[in-house]
Amino acid sequence: MRMLKILEFDDLREAIFLKRLNRFLLIAKYGDSKIQCHIHDPGRLGELLIPSVRILIQFKKGARKTPCDLVAVNKDGEWIFTHSGYHSKIALRLIKSGLIREFEDFEEIIREYKIGKSRIDFLLKKGERKFLLEVKGCTLFRDGIGYFPDAPTERGRRHLMELMKAIDEGFEAGVLFLVMGRDIRELRPNWRIDPRFSEAMIRAYKKGVKMIAYTFYFDGKALFAVSQIPVKLIKE
């Protein structure tokens, strides 16, 4: 299978995860020192951030509270990319690649499009066509199935509501799930963690919001797009 290289890093360093202090902060062992590291992913990462697990971090310069960011976590020998700060860049590369039929032929891409009380990640345009696209990352997997979200997300539910309203106003709309495991076969809503979001996913799909999922593989240095997988709105 030919994979498309999306991102490449030459500045990642390996560390050991020790503990999570709060939603955005962890402590890691790097060499002989303990350092604090910023977590960009807003989810729980409960099945990834296990004490003593290997992680990849990226040191950053400038005025910051922490010296580095968490980029990936090693799970069962595979690196899982967790840095949501790169999601927009990843999605943009994927949109332009031509790999996803739903995004073909759009001529203009606008980031951070404000609609209602939200900012949607992308507005794609061609002539009179206007397609609103929200991007979400998935790092929770069980038995080859990806589940979203891994923590309750009222913000995510609000985005779905805005997309449904936008369809009434003449827009097309969709959600792109970036699934950070190459062997994942399908994506499902996580009813156990967030039934309100899961119900909104079904309502949005019935309204016409496209649900698109694509898998990725991270080898510790480069992130590759692997394949599009189905989104199955199964209530478990």
Taking Arg64 as the residue in question, decide whether it is assigned to a loop (DSSP other than H, G, I, E, B), farther than 19 Å from Leu178 by Cβ and of a type outside the set (S, T, N, Q).
yes
Could you go through the range 141-154 and let me know if any residue there is surrounded by 13 or more Cβ atoms within 10 Å (Cβ to Cβ), of a type in the set (Phe, Trp, Tyr) and outside any strand (DSSP E or B).
no
Which residues, counting only those in the range 149-204, are without any contact (Cβ under 8 Å) to a residue 60 or more places away in the chain and acidic (Asp, Glu)?
Glu154, Glu162, Asp168, Glu169, Glu172, Asp183, Glu186, Asp194, Glu199
Provide a single number: the residues in the range 1-30 that are at pLDDT 95 or above and assigned to a loop (DSSP other than H, G, I, E, B).
3
Looking across the range 82-102 at residues that are of a type in the set (Gly, Ala, Ser) and assigned to a helix (DSSP H, G or I), the single one that is farthest from the chain's Cα centre (by Cα) is Ser97
Pull up the range 7-40, narrow it to residues that are among the β-branched types (Val, Ile, Thr) and touching a residue at least 24 places away in the same chain (Cβ under 8 Å), then point me to the one that is surrounded by the fewest Cβ atoms within 10 Å (Cβ to Cβ).
Ile16
Taking the criterion of being closer than 20 Å to Leu178 by Cβ, in contact with a His (Cβ under 6 Å, 6 or more places away or on another chain) and of a type outside the set (Val, Ile, Thr), would at least one residue in the range 30-42 satisfy it?
yes
Tell me, please, whether a residue that is in contact with a Ser or Thr (Cβ under 6 Å, 6 or more places away or on another chain), aromatic (Phe, Trp, Tyr) and crowded, with 22+ Cβ neighbours inside 10 Å can be found in the range 184-200.
yes
Can you spot a residue in the range 103-115 that is under 19 Å from Val231 (Cα atoms) and not small (Gly, Ala, Ser)?
yes
From Ser88, Ser97, residue being of a type in the set (Gly, Ala, Ser), loosely packed, with under 14 Cβ neighbours inside 10 Å and either closer than 24 Å to Phe141 by Cα or touching a residue at least 24 places away in the same chain (Cβ under 8 Å) (or both)
Ser97
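Yes or no, residue by residue, for (1) open to solvent by 40 Å² or more (accessible area, probe 1.4 Å); (2) closer than 19 Å to Cys138 by Cβ; (3) out of contact with any Ser or Thr (no Cβ under 9 Å at 6 or more places or on another chain):
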| position | (1), (2), (3) |
| --- | --- |
| Phe59 | yes, no, yes |
| Thr66 | no, no, yes |
| Asp69 | no, no, yes |
| Trp79 | no, yes, yes |
| His83 | no, yes, yes |
Looking at Tyr113, is it surrounded by 15 or more Cβ atoms within 10 Å (Cβ to Cβ), in a strand (DSSP E or B), free of Cβ contacts under 8 Å to residues at least 24 places away in the same chain and not polar (S, T, N, Q)?
yes
By residue number, the members of the range 41-57 that are surrounded by fewer than 18 Cβ atoms within 10 Å (Cβ to Cβ) and modelled with pLDDT of 95 or more are Ile50, Pro51, Ser52, Val53, Arg54
Does the range 164-181 contain any residue that is open to solvent by 30 Å² or more (accessible area, probe 1.4 Å), within 26 Å of Phe24 (Cα to Cα) and outside any helix (DSSP H, G or I)?
no
Please determine whether any residue of the range 123-140 is part of a loop (DSSP other than H, G, I, E, B), open to solvent by less than 70 Å² (accessible area, probe 1.4 Å) and at pLDDT 95 or above.
yes
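The values are calculated or read from the model by the stated rules, or taken from the named source; none is laboratory data. Keep in mind it's a predicted model, so treat the numbers as computed, not measured. Here Cβ is always computed from backbone atoms with ideal geometry, including for glycine, and neighbour counts include all displayed protein chains. When the accessible area is computed, the model is the full protein with side chains, heavy atoms only, and any ligands, DNA or RNA have been set aside. Shrake-Rupley method; radii C 1.70, N 1.55, O 1.52, S 1.80 Å.
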